[in-house]
Amino acid sequence: MSKRKKWVNNTNRLFFLIICIFMIVVTGAVGVHLTVRSVREMKSVRWNHMESVSNMAAMLIDGDEVEKITEADAPILDPDTGRRIQDGSERSCKIEKILLEVKAAQKDMQIPYIYLVRYNSEGKLVFIVDPELETPAAYGQEVVSTPSQPIAWTGQSKVDDEPYSDEWGEYYTAWSPVKNSAGQVVALVGVDFEASEISEQISFSIMMIVISTVVLLILCITCFLLYSMNEQRRAQQLGSEIADLSDNLKTMFDEIEGIQTTAETDEKSAEHNDEDFVKYIHKKTRAMTKRLREHTDYMMQQANV
């Protein structure tokens, strides 16, 4: 293999490598951007829905009645199993019914738990109403603290940005304030959503974007390979035509040299006719020009000029 051909091959390989790296970087950047944007938008939609559920429950609950709830209103729980063995007061049952109706109304969203909490005299957030039948939280049981709770207590609904864990599992929680007739916040509605469900949706979204990105990258590289192969074939064909043109030119120049040699011989023998010689040269020149033009036009067409 000649040095020039080897240099051309190395240049082509380097160019192909650069293009592949560029495609990978660009496609990867687009994939990351789409992933981040998709996760952010999906979380936003989900968070808004969660917040609307807690707001609905908070608006249906009478804050003045919540203020009157005491430990005496709470249901009685089995100390061994934690199960409810006796319902609470009429006031407590009324609030439980509202919470359960809100939970049942959400057919399109799995809501494991919905409950009511408030701050006690020690400044700790505790359960006051939990409508669960199997393992409800006891009245006065402390709630796991999250950054969203103080914000919700100021009167603004808030959803936890990160999941938290307790004895019931791992959840994201939407918090909404319950207000009395004076407009004061007296409790918070907590609506739990399975963290695993949301994580699965996010993982599925990321997986689909990654698959789409990889497929797009493969298609781009395949198209580039096909284009490169086609260009390489055209370059080889063009090189072959140039070689043929060179051979034809050499042949025509050899013919002219032969004519000149013949002319010199004819001069020495004084048998050459000048007029016939000029016509012959003119004919050969026109033929050479025509063939040269045909080759040039063909090569220009192949090169898309």
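Derivation of every value follows stated rules applied to the coordinates shown; laboratory data play no part. All figures in this text were calculated on a predicted structure; none of them were measured in a lab. Here Cβ is always computed from backbone atoms with ideal geometry, including for glycine, and neighbour counts include all displayed protein chains.
Structure above, values below:
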read-out	value
Yes/no for residue 44 being among the hydroxyl-bearing types (Ser, Thr, Tyr) and closer than 20 Å to residue 188 by Cα	no
Enumeration of residues in region 17-70 that are part of a helix (DSSP H, G or I), in contact (Cβ under 8 Å) with a residue 12 or more places away in the chain and among the charged types (D, E, K, R)	43, 46, 51, 64, 65, 67
Looking only at region 126-138, and only at residues there that are crowded, with 21+ Cβ neighbours inside 10 Å and touching a residue at least 40 places away in the same chain (Cβ under 8 Å), the one that is farthest from residue 55 (Cα to Cα)	136
Condition met for residue 164 (among the aromatic types (Phe, Trp, Tyr), in contact (Cβ under 8 Å) with a residue 60 or more places away in the chain, surrounded by 14 or more Cβ atoms within 10 Å (Cβ to Cβ) and under 30 Å from residue 117 (Cα atoms))	no
Filtered residue count, region 177-196, keeping only those that are closer than 25 Å to residue 70 by Cα and in a strand (DSSP E or B)	11
Complete set of residues in region 142-152 that are surrounded by fewer than 18 Cβ atoms within 10 Å (Cβ to Cβ) and not aliphatic (A, V, I, L, M)	142, 145, 147, 150
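Table: residues versus (1) touching a Lys or Arg at 6+ places or on another chain (Cβ under 8 Å); (2) small (Gly, Ala, Ser); (3) in a loop (DSSP other than H, G, I, E, B).
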{"position": "98", "(1), (2), (3)": "no, no, no"}
{"position": "127", "(1), (2), (3)": "no, no, no"}
{"position": "145", "(1), (2), (3)": "no, yes, yes"}
{"position": "155", "(1), (2), (3)": "yes, yes, yes"}
{"position": "175", "(1), (2), (3)": "yes, no, no"}
